[in-house]
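Data first, discussion second: the structure below is written as structure tokens.
The values are calculated or read from the model by the stated rules, or taken from the named source; none is laboratory data. In this text, all values refer to a predicted model and were calculated from it rather than measured experimentally. Reconstructed Cβ throughout: ideal geometry from the backbone, glycine too, with neighbour counts over all protein chains shown.
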Amino acid sequence: RIGVAATPGPAHPASGPQPNDQQQAAIDAILGAQGFTPFLLDGVTGSGKTEVYLQAIAACLAQGKQALVLVPEIGLTPQTLGRFRSRLGIPVHALHSGLNDNERARVWAAALRGEAQVIVGTRSAVFTPLPNPGLIVVDEEHDGSYKQQDGIRYHARDFALVRGKALDIPVILGSATPSLESLHNARSGRYRHLRLKQRAGDARPPRVRVIDVRKRPLQDGLSPEVMAGITTHLQAGSQVLVFKNRRGYAPVLLCHDCGWTAPCKRCSTPLHRTPMTVHGAGRRLQCHHCGARAPVPLACPDCASLALQPQGIGTERLEERLLQAFPDFPVLRIDRSTTARRDALEQTLATLGTGPGILVGTQILAKGHDLPKLTLVVVVGIDEGLFSADFRASEKLAQQLIQVAGRAGRAERPGEVWLQTHHPDNALLHTLVNGGYHAFADAELEQREAAGFPPFAHLALLRAEAKQVEQANEFLTGVRDLIARDSAVEQFGPMPAPMPRRAGFQRTQLLLSASHRRPLHKLLDAVMPAIHALPLARRVRWSLDVDPLDLY
């Protein structure tokens, strides 16, 4: 029965808002595409990218074809499903890891039979069978959650392009902050670049204010100006988002007398201590890397002092402070801890409704949510993202700031974004505030090209993990010796990973870099059988990651 084709019922799309000139130009370009055509729909937050998707999907359905829509997070699926169902007039099927096996199997079989005409899913939905393919959409294409980091490593955005080419159908990559790889491809002509430079309807861009908190008194990370601003917006009947991309109560438990910090015993080394995060208002410790848990000690293990203090700010601590300061308004926290249950994010946002209130959250709230009553976004603690050894750190921070700022002022009420920082003169902040994301991207692409980093180079990362670091290094040394000294492919390592130990395993890595993709893939194809045949290949845990997002 699974292989029997069924004739889907006709779609009856509802009418939507009248597209503006830029939206209409994008819609016309997509509808006029013949065969495989990759589009980068590059639109500022609130510019109506979803409306472009809907009109393209409606045209696809009118031809009796299927559309696949990828979203980065499970939490976005219910909101997207509701909007799509109300507009398209047909059942819209969800496919993500929050479903049980039977539910996933039913959607998969319906797609294979051609009954599921529109499928909305997360990363793994890119493999959904499409007997009548018409369109693939990848929303928030820059998002790192599209990358599978373990098991079979793949990037759903890139595989969507491979499928689109194989099926000979258009592929739309949408984002307000395109990845530098996609932006480079669009500017070099590999993708068709569609720009939406204005917000849809009467919505105006939010006003950005940088708050210098040097020498200012802070209460759990919040300045007096921020507390006064929150009060003003709440009293006006609006909603406020306080953004901090660190869950938990505090990042570190510190002894004020001797300087001891609570380390994760499974992830720390003598030279690299990995602190455990404080949770439960200071009552328990948890490692966010391996999941290890421990109670908070009654006294310092090193000096027996009772002066143990949580250091730093997490979402739990912000929630506690805001509950004390604003007892008459709802304060709701949204992070991985509070959204683990199915439909938890949707239920939390429904609890807030349209009345005044405060949302405290991590990057989960920065992704595509439409909150019409939200008029103030406060970004707390961005400084740690300004200084990082990761060459992608500035890109990730810029995307995060632009995305979370875009939640404010999406309806008739004007929005404000306040950035708290100890580095108000930082060049990245200055570029983003005064020039926007594309000005930042121009400067960052110049630096990437000068340094030989992606998208001007192609990387492959071989990782090895073992209980003894000597075994991991010996394995990667054997891999390096197998690789011919090809001038087209550079080798770096073996060297310790930036996080040299995790969950009890020592971690090392070998990085390969080439200015063109073909010689890198040719080398990997030739050497992989020999790597599998190495004696240590079965005694260490190892993996190959092509186009790694994180060099951790």
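Descriptive notes on the structure:
- Unmet criterion (only one of (1) in the same structural domain as Leu359 (by TED's automatic domain parsing); (2) at pLDDT below 90) for Leu222: (2)
- Single condition Gly282 does not satisfy, out of (1) touching a strand residue (DSSP E or B) at 6+ places or on another chain (Cβ under 7 Å); (2) of a type outside the set (Val, Ile, Thr); (3) more than 30 Å from Leu95 (Cβ to Cβ); (4) at pLDDT 80 or above: (4)
- Residue within segment 493-501 that is small (Gly, Ala, Ser), part of a strand (DSSP E or B), farther than 22 Å from Ala156 by Cα and without any contact (Cβ under 8 Å) to a residue 60 or more places away in the chain present: yes
- Applying the set (1) over 29 Å from the mean Cα position of the chain (by Cα); (2) part of a strand (DSSP E or B) to Leu536 leaves exactly one unmet item: (2).
- Residue identified as hydrophobic (A, V, I, L, M, F, W, C) and closer than 25 Å to Cys264 by Cβ among Val546, Val479, Val540: Val540
- Checklist (1) touching a helix residue (DSSP H, G or I) at 6+ places or on another chain (Cβ under 8 Å); (2) modelled with pLDDT under 90 applied to Arg413, failing item: (1)
- Selection within segment 354-396 - under 16 Å from Thr45 (Cβ atoms) and at pLDDT 90 or above: Leu376, Val377, Val379
Every residue, every condition in (1) in a loop (DSSP other than H, G, I, E, B); (2) of a type in the set (A, V, I, L, M, F, W, C); (3) touching a helix residue (DSSP H, G or I) at 6+ places or on another chain (Cβ under 8 Å); (4) modelled with pLDDT of 95 or more, yes or no:
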residue: Pro19; (1), (2), (3), (4): yes, no, yes, no
residue: Gln22; (1), (2), (3), (4): no, no, no, no
residue: Gly35; (1), (2), (3), (4): yes, no, no, no
residue: Leu40; (1), (2), (3), (4): no, yes, yes, yes
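- Any hit, segment 475-482, residues being surrounded by 15 or more Cβ atoms within 10 Å (Cβ to Cβ), in a strand (DSSP E or B) and not assigned by TED's automatic domain parsing to the domain that holds Arg187: no
- Residue within segment 133-142 that is surrounded by fewer than 22 Cβ atoms within 10 Å (Cβ to Cβ) and either within 15 Å of the chain's Cα centre (by Cα) or not in a strand (DSSP E or B) (or both) present: no
- Residue check, Ala443 of a type in the set (A, V, I, L, M), crowded, with 16+ Cβ neighbours inside 10 Å and either farther than 23 Å from Glu384 by Cα or within 24 Å of the chain's Cα centre (by Cα) (or both): no
- Applying the condition of being at pLDDT below 95 and touching a Lys or Arg at 6+ places or on another chain (Cβ under 9 Å) to segment 176-199 and asking which residue is nearest to Lys396 (Cα to Cα) yields Ala176.
- Counted as qualifying within segment 285-371 are the strands (runs of 3 or more DSSP E) with 2 or more residues that are closer than 25 Å to Lys49 by Cα, namely 357-361.
- Meets criteria (under 29 Å from Leu271 (Cα atoms) and either charged (D, E, K, R) or part of a loop (DSSP other than H, G, I, E, B) (or both)) for Glu470: yes
- Count of residues meeting criterion [among the hydrophobic types (A, V, I, L, M, F, W, C) and over 18 Å from the mean Cα position of the chain (by Cα)] in segment 42-55: 2
- Exclusive hit being in the same structural domain as Val240 (by TED's automatic domain parsing) and buried (at least 23 other Cβ atoms within 10 Å of the Cβ), set Leu397, Leu376, Leu386: Leu376
- Here Leu95 clears all of (1) modelled with pLDDT under 90; (2) surrounded by fewer than 21 Cβ atoms within 10 Å (Cβ to Cβ) except the condition numbered (2).
- Extreme residue, surrounded by the fewest Cβ atoms within 10 Å (Cβ to Cβ), among residues of segment 499-547 that are among the β-branched types (Val, Ile, Thr) and closer than 21 Å to Asp390 by Cβ: Val546
- Evaluation of Arg204 against (1) touching a Pro at 6+ places or on another chain (Cβ under 8 Å); (2) at pLDDT 90 or above; (3) not hydroxyl-bearing (Ser, Thr, Tyr) (one fails), failing number: (2)
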